[in-house]
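> Mind having a look at this structure? Questions to follow.
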Amino acid sequence: MHTTHTTHRVRVWDLPTRLFHIALILTIAGLYITSEIEGEAMQIHFWLGYTVLSLVLFRLAWGLVGGHWSRFVNFVPTPAKFIAYVQALRARSATTHVGHNPLGALSVLTMLGVLLLQVFSGFMSDDDISNAGPWAQLVPSHWVELATEYHSEIGQVLLIILMCLHVATVLYYKLIKQDDLITPMVTGDKNLQTEAHASRDTWTSRIFALSIFAACCYAVFRLVTMG
């Protein structure tokens, strides 16, 4: 007698979340490249920094009103759930999660926090040559010194480490645990053994997301020009 396993194709990641993910990877790569080139490329570096801030603000807002699995309330674990998940990992009995698992959730929050620190430290940085952030003249000089040191020496290294850890984790799940995290982030859908709540991903929600991103871009414009 043959047992058949029915799979359910579920929309987990809505289009705005997927585009955010792709755009963030590209802009972070651009930021690193322009920081190494320096010179005239620094103007592009600044614009990429403003783009990253717009994206992060959008993700924070989308974490409140976005698709089901993009909302913080549906993937950020309580301390008890996080500890239980780590214990399950050690016992090799961890179950597959529809959206972000607890470690993935922690990675998302850490990345957003580090990106905010990196951008705002850039706002206050000044290399004493030709490049100064939009807030460099608005804050005390010792803030500028601390922000410049953090932005160029600490924050950049932290971001590289986090990106490497993220890639290594995704590869580990795909190659070792046989859990493909890449394809669902590209297509939006995931094949599950059981039914699960699907994320809203309609043209109405996408236009709504675009309006939120536009508002975030305007907010960043105001922050940049407040001086």
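The values are calculated or read from the model by the stated rules, or taken from the named source; none is laboratory data. Keep in mind that this is a model prediction, so the values were computed, not measured. Note: ideal-geometry Cβ built from the backbone for every residue, glycine included; neighbour counts use all protein chains shown.
> Let me confirm something: among Leu146, Leu117, Leu106, which residue is within 26 Å of Trp13 (Cα to Cα) and assigned to a helix (DSSP H, G or I)? Explain how you work it out, then say what you get.
Numbers: Leu146 fails: within 26 Å of Trp13 (Cα to Cα); Leu117 fails: within 26 Å of Trp13 (Cα to Cα).
Residue meeting the stated conditions: Leu106.
> For Lys174, all conditions in the list (1) of a type in the set (Lys, Arg); (2) without any contact (Cβ under 8 Å) to a residue 60 or more places away in the chain; (3) closer than 19 Å to Phe75 by Cβ hold save one; what is the number of the exception?
Result: Lys174 fails condition (3) only.
> Continuing with the same structure: Taking Asp201 as meeting all but one of (1) surrounded by 14 or more Cβ atoms within 10 Å (Cβ to Cβ); (2) touching a strand residue (DSSP E or B) at 6+ places or on another chain (Cβ under 8 Å); (3) modelled with pLDDT under 95, write down the number of the exception.
So Asp201 meets the others, but not (3).
> In addition: Is it true that Leu64 is surrounded by fewer than 20 Cβ atoms within 10 Å (Cβ to Cβ) and within 17 Å of Ala215 (Cα to Cα)?
Numbers: surrounded by fewer than 20 Cβ atoms within 10 Å (Cβ to Cβ): yes; within 17 Å of Ala215 (Cα to Cα): yes.
Here the answer is yes, as Leu64 does meet what is asked.
> Moving on. Considering only region 96-118, I want to know if a residue exists there that is in contact with a Phe, Trp or Tyr (Cβ under 9 Å, 6 or more places away or on another chain), farther than 30 Å from Asp179 by Cα and not polar (S, T, N, Q).
In the first step, residues of region 96-118 are kept if they are in contact with a Phe, Trp or Tyr (Cβ under 9 Å, 6 or more places away or on another chain); the result is 97-106, 108-109, 117-118.
Next, from what is left, pick out any that are farther than 30 Å from Asp179 by Cα: 117-118.
Okay, now just the ones that are also not polar (S, T, N, Q), so 117.
Yes; the residues of region 96-118 include at least one that is in contact with a Phe, Trp or Tyr (Cβ under 9 Å, 6 or more places away or on another chain), farther than 30 Å from Asp179 by Cα and not polar (S, T, N, Q).
> Let me ask something additional. Under the condition of being part of a loop (DSSP other than H, G, I, E, B) and among the basic types (Lys, Arg), which residue from region 55-99 is nearest to Cys217 (Cα to Cα)? Can you show your working first?
The first filter runs over region 55-99 and keeps only residues part of a loop (DSSP other than H, G, I, E, B), leaving 66-67, 71, 75-78, 91-99.
Keeping just the survivors that are among the basic types (Lys, Arg) gives 71, 92.
Values: Arg71: 21, Arg92: 44 Å.
So the residue we want is Arg71.
> Additional query: If the Cβ limit is 8 Å and pairs must be 6+ apart or interchain, which residue in region 199-227 that is touching a residue at least 24 places away in the same chain (Cβ under 8 Å) and of a type in the set (Asp, Glu) pairs with which residue that is crowded, with 17+ Cβ neighbours inside 10 Å and in a helix (DSSP H, G or I)?
Cβ pairs passing all conditions: Asp201/Leu15.
> Here's another thing I want to ask about it. Answer with yes or no whether Thr34 is under 30 Å from Tyr150 (Cβ atoms), in contact with a His (Cβ under 6 Å, 6 or more places away or on another chain) and crowded, with 17+ Cβ neighbours inside 10 Å.
Working: under 30 Å from Tyr150 (Cβ atoms): yes; in contact with a His (Cβ under 6 Å, 6 or more places away or on another chain): yes; crowded, with 17+ Cβ neighbours inside 10 Å: yes.
Answer is yes for this residue.
> When you scan region 1-54, how many residues do you find that are under 29 Å from Met124 (Cα atoms) and assigned to a loop (DSSP other than H, G, I, E, B)?
3
> Can you report the number of residues in region 112-129 which are in contact (Cβ under 8 Å) with a residue 12 or more places away in the chain and either acidic (Asp, Glu) or more than 22 Å from Val220 (Cα to Cα) (or both)?
Qualifying residue count, region 112-129: 2.
> Quick check on region 109-167: of everything there that is of a type in the set (S, T, N, Q) and more than 27 Å from Val76 (Cβ to Cβ), which residue is nearest to the chain's Cα centre (by Cα)? Let's see the steps before the verdict.
Of the residues in region 109-167, the ones of a type in the set (S, T, N, Q) are 110, 118, 121, 125, 130-131, 137, 141, 148, 152, 156.
Remaining after also requiring more than 27 Å from Val76 (Cβ to Cβ): 125, 130-131, 137, 141, 148, 152.
Values: Ser125: 23, Ser130: 30, Asn131: 27, Gln137: 29, Ser141: 31, Thr148: 23, Ser152: 20 Å.
Looking at the filtered set, the residue picked out is Ser152.
> Please go through region 135-164 and give me each residue that is of a type outside the set (A, V, I, L, M) and under 19 Å from Gly30 (Cβ atoms), ordered by number.
Initially, region 135-164 is screened for residues of a type outside the set (A, V, I, L, M), giving 135, 137, 140-143, 145, 148-153, 155-156, 164.
His151, Ser152, Gly155, Gln156, Cys164 - these are the residues of region 135-164 that are of a type outside the set (A, V, I, L, M) and under 19 Å from Gly30 (Cβ atoms).
> Same structure, new question: Let me confirm something: among Arg222, Arg206, which residue is assigned to a helix (DSSP H, G or I), of a type in the set (Lys, Arg) and under 20 Å from the mean Cα position of the chain (by Cα)?
On inspection, the qualifying residue turns out to be Arg206.
> Scan Leu192, Leu162 and give me the residue that is touching a Ser or Thr at 6+ places or on another chain (Cβ under 9 Å), modelled with pLDDT under 95 and farther than 22 Å from Ala23 by Cβ.
Numbers: Leu162 fails: farther than 22 Å from Ala23 by Cβ.
Result of the check over Leu192, Leu162: Leu192.
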